[in-house]
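Here's the structure we're looking at; comments come further down.
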Amino acid sequence: MFEQICYHTPVEHIRTRMPDTATLYFSPKALRDEAERFQRGFGGLVTYAVKANAAPEVLENLVAAGLRAFDVASPEEAGQARAAAASAVLHYNNPVRSLAEVAAGKALQVRSWSVDDLGELAKLGAARQGEEVAVRFKLSISGAHYDFGEKFGAEPDAAVALLRAAEAKGYEAALSFHPGTQCQDAQAWAAYIRASAQIAQQAGVCLKRLNVGGGFASQRGCARQDLESVFALIERETAQAFGPDAPELVCEPGRAMVAESFSLAARVKAVRADGSLFLNDGIYGALAEWRDMSASTRVRFLGADGAERSGALTPRRAFGPTCDSLDVLPEPLACPADISEGDYVLFDGMGAYSLAIATRFNGYGPREVITVKRAAFGEN
C-alpha cells in the first residue's frame, strides 16, 4: 500500500503520475519531528495512541524517533505495537475489555490498564509485579471539540473507591483522564490535575503516575497549538497540586502526533451546472471524520498538471463518490471559480483517523500511500 519511491512533495507526484484514485502522502520527517517535539517538551513518558493511525510505517518511524511506549485499545493494536518494537511498553487504555481481551493483553505483557468501574477491575485478576492500574475519571468541563465523558470515566467519588481497590489488589496506583478531542483550553488540564490530587488525597493513596491523556490539538481550522505552553502548564499544575509527592507524568497523543505527516489528494470527478463537485473520496473514505470535525481552511486546489489554481473563491458543495446521498462534506468548500473536472483537491493535516476509519464502500477510498519528503504546504 505504501509506495517506496520518495517524491519531494505531493504536487511532484501528482504532476508525474496524475493519480485517479484518492491518494495519501506520508512525510516520515514530519512525523519524526513531531515525535521529537513531544519527547523534548513533555516532562514525562510519551505514549502514542495507536488508534489515530496504526500503519506499520507510522509505528516504525515513531520507534526510530525514540518512542517505546504505546497507548492501545485492543489486542490487535497491542500486537501492531509489538511488531514495531518487540520491547514496546503497552498501556491498554480502553477501560472496557472482555475476559478474552484481558487474557490477550496479559499474554502481550501489558504493563498498565485503565479502568473506570469495579467490574472492569475485577476482570484483571491478580496483579503481576510492576503492573499498573490507572483509574480513569471524568469532570464536567468544556474546552474540547467533544467530550469522552459520555462514554468513559468514573465520577470523582467512584474514582476514590476504585483507586483504593486497585491498590488493595496489589496494582501500582495511578490516575488517568482525557480532556477531550481537540482541546483548545489548557485550563482543562489544570482542572483535571487539581481534581486528581484531591482524589488521591481522599483515597489515601500515593500515586505512582498521572496520565494526562491526549486531546492535544492539531491544526484543523484553527491556529497551531502552542504545545510547549501546555506542557509547561501541566508540569506547573502537577507540582502545585501534589507538592513533593508529585507523580510521574504520562501523556497519550495520537492526533497531534501524526496529523501533520499526511496529506490527501482527491480528484474532481465532475463539476455540475449548479456548481457542486463530485470527488473521488468522501465521508466513507479518508474524509470520514469531516462529518464531525471539518478543516476547510487546510485545502489547496491543483490543476490536472499540478499547477495551483488561483481564481476567486466560490463556495461549492462537495459530494463523495459513493451512491449514498449522505456522502457529502458538511460544509461547502471555498473553491477557485475555474476548478474543473480532473483537477485535484489537496487536504493537509490528514494523518489522524484517515486511514484508520476509511472504508471501501462502493470500491472507493484511499488505495495508495506515497512517501514524500514534505507532505503539508509550508512544511520545512
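Every read-out reported here was derived from the displayed coordinates using simple, explicitly stated rules and does not represent laboratory data. Because the structure is a prediction, the values reported are computed rather than measured. Cβ placement follows ideal geometry from the backbone for every residue including glycine, while neighbour counts extend to all protein chains displayed.
Details
- Computed over the alpha carbons of the range 227-380, Rg followed by Dmax gives 19.4, 68 Å.
- Here the chain is treated as a Stokes sphere of Kirkwood radius computed over C-alpha pairs; at 10 °C and 1.306 mPa s its diffusion coefficient rounds to 73 µm²/s.
- The range 122-221: GluC sites (Glu not before Pro) in DSSP coil with no more than 14 other Cβ atoms inside 10 Å: none
- Lys373/Ala100 FRET efficiency (R0 51 Å; Cβ-Cβ; nearest 0.05): 0.70
- Stretching the chain fully between Ile357 and Val89 yields a gain of 94.0 nm (0.36 nm per residue, less the alpha carbon separation).
- Here the relative contact order of the range 54-253, from alpha carbon pairs under 8 Å that lie six or more residues apart, stands at 15 percent.
- Nearest-ten-degree value, helix 156-168 long axis tilted from longest Cα axis of the chain: 60 degrees
- What separates the Cα centres of the range 261-298 and the range 299-351 is a distance of 6 Å.
- Shape analysis of the range 54-253 places it in the oblate category; the axes a ≥ b ≥ c from the Cα gyration tensor give an a/c of at least 1.5, with a/b not above b/c.
- Estimated purely from DSSP H runs of n ≥ 4, each contributing -39500 (n - 2.57), the mean residue ellipticity at 222 nm for the chain is -8500 deg cm²/dmol once divided by its residues.
- Projecting the Cα atoms of Cys206, Ala188, Cys251 onto the charge dipole of the range 54-253, computed from C-beta unit charges around the Cα centre, puts Cys206 farthest toward the positive end.
- Largest GNM mean-square fluctuation across Ala334, Ala273, Ala52, computed for the chain with C-alpha springs under 10 Å, falls on Ala273.
- Candidates per GluC sites (Glu not before Pro) in the range 303-380, loop by DSSP, up to 16 other Cβ within 10 Å: Glu341
- Taking every alpha-carbon pair in the range 223-283 and binning the separations at 5 Å intervals from zero gives 3, 12, 14, 13, 10, 9, 8, 7, 6, 6, 5, 4, 2, 0 percent.
- Furthest towards positive pole of dipole, Phe301, Leu108, Val11, structure part the chain, Cβ charges: Leu108
- Inter-probe distance in nm under a simple model that places probes 7 Å from Cα toward Cβ, at Ala307 and Ala127: 6.8 nm
- Here's the list of aspartates and glutamates a cross-link from Lys138 could span, going by alpha-carbon distance under 19 Å and ignoring same-chain residues fewer than 8 apart: Asp71, Asp116, Asp117, Glu120, Asp147, Glu150, Glu155, Asp157, Asp185, Glu237, Glu252.
- Leu233 versus Gln202: modelled label distance in nm, points set 7 Å from Cα along the beta carbon direction: 2.4 nm
- For Lys169, the lysines whose Cα falls under 17 Å of its own Cα, not counting residues fewer than eight places away in the same chain, are Lys106, Lys123, Lys208.
- For the range 153-236, the set of trypsin sites (Lys or Arg not before Pro) satisfying both a DSSP loop assignment and a count of at most 11 other C-beta atoms within 10 Å is given as Arg224.
- Seen against the Cα atoms of the chain and their longest principal axis, helix 227-242 is set at about 10 degrees.
- The chain, relative contact order in percent, only Cα pairs under 8 angstrom and at least six apart counted: 24 percent
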